[in-house]
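Take a look at the structure set out below.
The values are calculated or read from the model by the stated rules, or taken from the named source; none is laboratory data. Keep in mind that this is a model prediction, so the values were computed, not measured. Glycine also receives a Cβ, built like all others from the backbone with ideal geometry; neighbour counts cover every protein chain displayed.
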Amino acid sequence: ASLDTSFFANLGLTGYVAASGRGTVTGTISGVASGFTVVVGLDNSAAQYWGTVSGSSYSITGVKPGTYTATLYKKELEVGTGSVTVTAGGTAILNLASTESIKTTIWQIGTPDGTPSGYLNADKIETVHPSDSRMSAWGPVTYTIGSSSASSFPMAQFKDVNNPTTIIWTATSSQIGARTLRIRTTSSFAGGRPTIAVNSWSSSNPDAPTKIDSRGVTRGTWRGNSSTLHLIPEYSIPSGTLVAGSNTITITVISGSSGDDFLSPNIVYDSVELY
């Protein structure tokens, strides 16, 4: 049932903006793959609003006048932005297109959508602490491309608990050569970030992500507070590193900070892609 709050306009509330003093933002979206919930968010320093896309269009009503940054989300992954100015009683039109970098992958673990959905313990993290006995064992995990399921890949990797994660991949001669491994994360704690080794080759270490004052995944969420804090390192694997046959890739969480157990530096995975 809808909630009628129109009576607030007659209460003399300081700062309250009645419906007549608000506007609407509408538009279309394009470039987002089917099968995902698509959301448009509006925000500025004073307010924020959200609207779910239906088909290829959206409408957000009751917006206070002002200029807003609009963000297009594929589930929880930011894939597009824009700017829109709203006036009292007016309707602003803003069409948004996805600018997501989609590669033709050789293999992929998880789905790039801004969440760890489908991974080991992802179904319990919002209600169960990572240390709880009801959680499945965190590992360290060895994941085999082609036979392991995403549900065996850890949603989170803790420096002192399940480090490293190992990926075994049997490649054909047409799949080797110079390749790129992209690791999407949704949050980081205590400077945790991934570094990789592929067979005998090791990557350089990525810079530490922006540190936020938060206990991270132990709060029961995978979400950081801004897409700018989501670390998405891409590792260029040089030609001659991968072989036709069995390859071993290790992902290790590193940090200059320390902590015990589930409060050690960690990351939450969104997806891992090789292309």
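Please go through segment 254-271 and give me each residue that is touching a Lys or Arg at 6+ places or on another chain (Cβ under 7 Å) and either part of a strand (DSSP E or B) or buried (at least 24 other Cβ atoms within 10 Å of the Cβ) (or both), ordered by number.
Passing the criteria: ILE254, PRO265, ASN266, ILE267, ASP270, SER271.
Taking the conditions exactly as written (in the same structural domain as ASP213 (by TED's automatic domain parsing), touching a Phe, Trp or Tyr at 6+ places or on another chain (Cβ under 6 Å) and among the hydrophobic types (A, V, I, L, M, F, W, C)), does VAL141 satisfy them or not? Before the answer, list the steps.
On the way: in the same structural domain as ASP213 (by TED's automatic domain parsing): yes; touching a Phe, Trp or Tyr at 6+ places or on another chain (Cβ under 6 Å): no; among the hydrophobic types (A, V, I, L, M, F, W, C): yes.
It is false that VAL141 is in the same structural domain as ASP213 (by TED's automatic domain parsing), touching a Phe, Trp or Tyr at 6+ places or on another chain (Cβ under 6 Å) and among the hydrophobic types (A, V, I, L, M, F, W, C).
Checking ILE102 against (1) at pLDDT 95 or above; (2) not assigned by TED's automatic domain parsing to the domain that holds SER20: exactly one of these is not met. Which one?
(1) is the only condition that ILE102 fails.
Which residues, taken from segment 19-48, are in a strand (DSSP E or B) and surrounded by fewer than 18 Cβ atoms within 10 Å (Cβ to Cβ)?
Going through segment 19-48, the residues in a strand (DSSP E or B) turn out to be 23-30, 38-43, 48.
If the condition is that a residue be in a strand (DSSP E or B) and surrounded by fewer than 18 Cβ atoms within 10 Å (Cβ to Cβ), then THR24, THR26, THR28, SER30, VAL39, GLY41, ASP43, GLN48 are the ones that fit.
Any idea which of SER258, SER236 is more than 17 Å from the chain's Cα centre (by Cα), among the small types (Gly, Ala, Ser) and within 30 Å of LEU72 (Cβ to Cβ)? Please lay out each step first, then the result.
Working: SER258 fails: within 30 Å of LEU72 (Cβ to Cβ).
Sole residue among the options that is more than 17 Å from the chain's Cα centre (by Cα), among the small types (Gly, Ala, Ser) and within 30 Å of LEU72 (Cβ to Cβ): SER236.
With (1) surrounded by 18 or more Cβ atoms within 10 Å (Cβ to Cβ); (2) out of contact with any Ser or Thr (no Cβ under 7 Å at 6 or more places or on another chain); (3) among the aliphatic types (A, V, I, L, M) as the list, and LEU274 as the residue in question, which single condition is left unmet?
It fails just one condition, (2).
Wholly within segment 55-163, which strands (runs of 3 or more DSSP E) include no fewer than the required count, namely at least 3 residues that are within 19 Å of LEU181 (Cβ to Cβ)? Break it down stepwise before answering.
Working: elements: 57-63, 66-74, 77-86, 91-93, 107-109, 142-144, 156-158.
Those strands (runs of 3 or more DSSP E) span 107-109, 142-144.
What is the number of the single condition among (1) over 28 Å from GLU273 (Cα atoms); (2) surrounded by 13 or more Cβ atoms within 10 Å (Cβ to Cβ); (3) of a type in the set (Asp, Glu) that GLU78 does not meet?
GLU78 satisfies all of (1) over 28 Å from GLU273 (Cα atoms); (2) surrounded by 13 or more Cβ atoms within 10 Å (Cβ to Cβ); (3) of a type in the set (Asp, Glu) except (1).
Looking only at residues in segment 96-128 that are more than 19 Å from the chain's Cα centre (by Cα) and surrounded by 15 or more Cβ atoms within 10 Å (Cβ to Cβ), which one is nearest to GLN157 (Cα to Cα)?
Ranking the candidates gives ILE106 first.
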